[in-house]
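Everything on this sheet refers to the single structure shown next.
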2 protein chains.
Amino acid sequence: MSEGVTVVVPGHVTLFFSVHETDDPATTGSRGAGLNLTESVQVTVRRGSGQSINGTGGTIAAVEGVLDTLDVTAAVEIHTELPLGTGFGVSGAAALGTALGANRLFDCGHTRDDLVRLAHVAEVEAGTGLGDVVAQARGGVVMRLEPGAPPHARLDTIPESRPLELYSMGDLSTPAVLEGDTTAITRSGEDALDRLRRDPTLATAFAAGRTFASETGLLEPEVATVIEDVTAAGGSAAMGMLGRTVVALDHGLSRAGYAVTATAVADRGARFAEDA
Amino acid sequence: MSEGVTVVVPGHVTLFFSVHETDDPATTGSRGAGLNLTESVQVTVRRGSGQSINGTGGTIAAVEGVLDTLDVTAAVEIHTELPLGTGFGVSGAAALGTALGANRLFDCGHTRDDLVRLAHVAEVEAGTGLGDVVAQARGGVVMRLEPGAPPHARLDTIPESRPLELYSMGDLSTPAVLEGDTTAITRSGEDALDRLRRDPTLATAFAAGRTFASETGLLEPEVATVIEDVTAAGGSAAMGMLGRTVVALDHGLSRAGYAVTATAVADRGARFAEDA
């Protein structure tokens, strides 16, 4: 097998968001807040062709979009323990990892922000996400203050690191939600962001996420039950957007009796595996 | 000794720069390019008072500025193997590490960009630097495209990681150079940045740095000799601004016979030590 370039991209779970559509995918995107996770997506780009996900077939449209824009043909292997299609940003991670990896393998000569923009555009055009890529490039607990890709996007982070727990009950369809009327979502998401900017802490991010989930009607009944169980056990949890997914601060889910995936805030954004 | 918060901040060496002064230290700064180094500055903030540098006395003015702005009293211990006052960004690192560390220790509730701005302002007000802090917050090979602190600053990075070597022959006075007429420096620095943006690679960053050093007259004769020796041995080196310092790509200095400090591009910006 030919030598490859491997990029490690954190998983990312959104707590709340607002939708901002323009005629240009580079200025289209979301505002909101989310958490980068130490559970990651490893993307290896090699000379060759075809995609694989965890050793099996499968195609992520945004990955093809990135390769088309860079005008290269490559084999892209994606490995992750995160579940697919459940709001952990796997497609955004795959797009961003492909951009960084292919640029290095083929000496395309782009800057990092060029590559983030290109991956964001591919993700928006594929209809699979609006804000994961820019957040995953940055790392940490990300507030997306202005939508889109660099240089339009503006992000800031909350400098807190905490253990997290994940509990996933399956997928929701991102395209279906985003193709519906997003006016109410956007109003609620902007209120949540205002609240978080006044008190930029992880505790407030989770509280704002819970309010957003119930105000918008995105909260699934089975997710609501889990969040209530965590609250009853003295913890703090919120719904991961957009999946039947719960994320809890510290050990809130396991203390409420759930079998969880243990993770933590990943301070570091997308990076080359060799830059350990 | 009371428990402390330790922040690891990469050393940073500037290859070329332009000076942009305004009435506001948050919009005052430099454009240019520089390298974050795996040789780092470790800043520990504890309850208490007083500064120490490598276990001895010593005071970095920007550290005091940061503590004053945060309105806290703290003991700040700075440890580094980088030489002081020779253009490796130790004062910027100390200011940034103090801001991040004190914010966490005293629960000040600032965002990361708030803390970067506050450290940048303290560094500008102390007259000890114009662009290290924002670069050290970001990590990697940094192009500073717009001067100042967030949200005014704009940065991008070149996604290349390479071994580097350092050779230092002592200090130059940053305040003296920056207090002189910087018109010619700024013209040359902007030309260098335009050149690097057309071809954003490490090789071009070093070439642009060499041109800048000789055009501006900042190139010291003894530094010029070392750079010529590296070139003669087939390598690429440039002057670190502002010190009697040479930085070389890969093993250029040791191949030319110099006893060096081996380092590399640090992909990662300032981080908490516990976020390993």
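The values are calculated or read from the model by the stated rules, or taken from the named source; none is laboratory data. Small disclaimer: the values here were computed from a predicted structure and weren't measured. Every residue, glycine as well, gets a Cβ built from its backbone with ideal geometry; the counts of neighbours run over all protein chains shown. Note: areas computed on protein heavy atoms with side chains; ligands, DNA, RNA excluded. Shrake-Rupley method; radii C 1.70, N 1.55, O 1.52, S 1.80 Å.
Placing +1 at every Lys and Arg Cβ and -1 at every Asp and Glu Cβ, with all other atoms neutral, what dipole size does chain A have around its Cα centre, in debye to the nearest 20? Before the final figure, lay out the partial values.
Values: 19 positive and 36 negative charges, 112 e Å.
Using only the charged Cβ atoms, the result is roughly 540 debye.
I'd like the carbon and sulfur percentage of the solvent accessible area for chain B, probe radius 1.4 Å, heavy atoms only, ligands and nucleic acids excluded. Mind showing how you got there, number by number?
On the way: 4690 of 10190 Å².
Reported share for carbon and sulfur atoms: 46 percent.
In Å², and per residue, what accessible area does the protein assembly as shown have when probed at 1.4 Å with the other protein chains present?
Counting only protein heavy atoms, the per-residue value for the protein assembly as shown is 37 Å².
For segment A:119-147 and segment A:28-91, write down the distance between their C-alpha centroids in whole Å.
13 Å
Between the label point of A:A259 and that of the same position in each other copy, find the distances and list them shortest first in nm, with every label point placed 7 Å from Cα along the Cα-to-C-beta direction.
6.2
Using a 1.4 angstrom probe on the protein heavy atoms only, could you order B:D114, A:D107, B:D24 from most to least accessible area?
Working: B:D114 40, A:D107 135, B:D24 70 Å².
Order by accessible area, largest first: A:D107, B:D24, B:D114.
Have a look at A:A233, A:N36, A:L130 and report the one farthest towards the positive end of the charge dipole of chain A, computed about the Cα centre with Cβ charges (Lys/Arg +1, Asp/Glu -1).
A:A233
Run through the other copies and list how far each one's label point is from that of A:M169, in nm with one decimal, shortest first; the point sits 7 Å from Cα along Cα-Cβ.
Computed spacing set for this position: 7.1 nm.
Of the residues A:A205, A:A33, A:A264, which exhibits the maximal mean-square fluctuation in a Gaussian network model of chain A defined by a 10 Å Cα contact cut-off?
Highest fluctuation of the listed residues: A:A264.
Which far-off residues, 5 or more places away or on another chain, put their amide H under 5 Å from the one on B:T245, with H placed in the peptide plane?
It is B:M169, B:G240, by chain and number.
Using a Gaussian network model of chain A with C-alpha springs under 10 Å, which one of A:G240, A:G189, A:G58 is most mobile by mean-square fluctuation?
Among A:G240, A:G189, A:G58, the largest GNM mean-square fluctuation belongs to A:G58.
Quote the charge dipole size of segment B:1-87 about the Cα centre in Debye, to the nearest 20; the model charges only the Cβ of Lys and Arg (+1) and of Asp and Glu (-1).
Values: 3 positive and 10 negative charges, 45 e Å.
About 220 debye.
To the nearest 100 Å², how much accessible surface do chains A and B hide from each other in total, with a 1.4 Å probe?
Adding both sides of the contact gives about 1900 Å².
Considering the rotation that carries chain B onto chain A, locate the chain B residue whose Cβ comes closest to its axis and report the distance in whole Å.
Residue and rounded Å distance to the axis: B:R268, 3.
Please compute, over every Cα-Cα pair in chain A, the percentage with a separation greater than 31 angstrom.
Values: 7804 of 37950 pairs.
So the pairs more than 31 Å apart make up 21 percent of the total in chain A.
With the label 7 angstrom out along Cα to Cβ, how close does B:G180 come to the same site in each of the other copies, in nm, nearest first?
Its label point is 6.6 nm from the equivalent points in the other copies.
What is the magnitude of the charge dipole of segment B:1-157 about its Cα centre, with +1 placed on the Cβ of each Lys and Arg, -1 on the Cβ of each Asp and Glu, and no other charges, expressed in debye to the nearest 20?
Computed charge dipole of segment B:1-157: roughly 340 debye.
Among the helices of chain B (complete DSSP H runs), which have Cα atoms covering no less than 20 Å along the helix axis and a Kyte-Doolittle mean of at least -1.0? Walk me through the numbers before you get to the answer.
Details: long enough: B:90-105 (22 Å, 0.87); B:112-126 (21 Å, -0.04); B:183-198 (23 Å, -0.96); B:202-216 (21 Å, 0.47).
TM-like helix candidates: B:90-105, B:112-126, B:183-198, B:202-216.
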